[in-house]
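Here the structure is laid out as C-alpha cells; the discussion comes afterwards.
The values are calculated or read from the model by the stated rules, or taken from the named source; none is laboratory data. Treat the numbers as computed from the prediction; the structure is a model and nothing was measured. Cβ placement follows ideal geometry from the backbone for every residue including glycine, while neighbour counts extend to all protein chains displayed.
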Amino acid sequence: MTDVQQVPLRDIPFTTADGGSATLAEYGDGVVMVVNVASKCGLTPQYEQLEQLQKTYGDRGFTVVGFPCNQFMGQEPGSMEEILDYCATTWGVSFPVVEKIKVNGSHAAPLYKALKKAQDAEGKRGPVLWNFEKFMITPDGTVHRFRPTTKPDDPAIVAVIEGALPR
C-alpha cells in the first residue's frame, strides 16, 4: 500500500511516446499495471505475458503501461521509434509504451518516485531492482508491487487483477 501523497498516483503526469503528456487516469479507473521495460534484457520475454494479460483483461478495465528504461546495464539503448517497432513486431504489443524514463536516482520520473514508496510482498520499499518490476494500481488506489522475476502471469498477479475488476 502506498503512503499518503500530495497528488494521487493516477494524476501524476508523464510523457507519451509521441512527446505528449498523459496520466494513468486517462486509462480509466480499473487496474493499471506500470512496468519498466527493456528490449535487451533476460526478462524481455515477459512482454509476451504482459500482452496476454492485456488481451485477456483489457475489455474489463485492465491496462498495462510500459515505461522503457535504460538504467540497468544499458538494456534499452534505442530511440523511441526503435523501441516501439521492436515491441510491435517482436512481441505484438498493443498496450501503451510511453517515453523512456529513469526509475531510480535523483532524476527518477515523478510517477516512479511515488510508486517506489509501495511495499513488495516482503514488506520492502525503495529502488526498482531491475527491468520488468511491476506496480499494479487497483481502483481503490492500492499499489501492489511485484519484483522483476515475478512473471506477469504469476497467480498472485492474476489474483489482484481478478479481485479488482468487474466480472
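Within region 79-99, the set of residues being buried (at least 16 other Cβ atoms within 10 Å of the Cβ) and either under 16 Å from residue 20 (Cα atoms) or modelled with pLDDT under 95 (or both) comprises 80, 84, 96, 97, 98, 99. If you check residue 79 against the conditions, is it over 18 Å from residue 9 (Cβ atoms) and over 15 Å from the mean Cα position of the chain (by Cα)? Yes: the conditions hold for residue 79. Does region 43-54 include one or more residues that are modelled with pLDDT of 95 or more, more than 13 Å from residue 152 (Cα to Cα) and surrounded by fewer than 19 Cβ atoms within 10 Å (Cβ to Cβ)? The answer is no, given that none of the residues of region 43-54 is modelled with pLDDT of 95 or more, more than 13 Å from residue 152 (Cα to Cα) and surrounded by fewer than 19 Cβ atoms within 10 Å (Cβ to Cβ). Of all the residues in region 102-117, those that are surrounded by fewer than 20 Cβ atoms within 10 Å (Cβ to Cβ) and either acidic (Asp, Glu) or in contact with a Ser or Thr (Cβ under 8 Å, 6 or more places away or on another chain) (or both) number 1.
Here's the yes/no breakdown for (1) more than 24 Å from residue 8 (Cα to Cα); (2) in contact with a helix residue (DSSP H, G or I) (Cβ under 6 Å, 6 or more places away or on another chain); (3) in a loop (DSSP other than H, G, I, E, B):
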{"residue": "130", "(1), (2), (3)": "yes, no, yes"}
{"residue": "135", "(1), (2), (3)": "no, yes, no"}
{"residue": "141", "(1), (2), (3)": "no, no, yes"}
{"residue": "144", "(1), (2), (3)": "no, yes, no"}
{"residue": "149", "(1), (2), (3)": "yes, no, yes"}
{"residue": "153", "(1), (2), (3)": "yes, yes, yes"}
{"residue": "157", "(1), (2), (3)": "no, no, no"}
{"residue": "162", "(1), (2), (3)": "no, no, no"}
{"residue": "167", "(1), (2), (3)": "yes, no, yes"}
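Among the residues making up region 89-110, those that are closer than 14 Å to residue 44 by Cβ and part of a helix (DSSP H, G or I) are 89, 90, 91. The number of residues in region 102-127 that are more than 15 Å from residue 9 (Cβ to Cβ) and touching a residue at least 12 places away in the same chain (Cβ under 8 Å) comes to 6. Being under 17 Å from residue 43 (Cβ atoms) and surrounded by fewer than 19 Cβ atoms within 10 Å (Cβ to Cβ) is a description that applies to residue 73.
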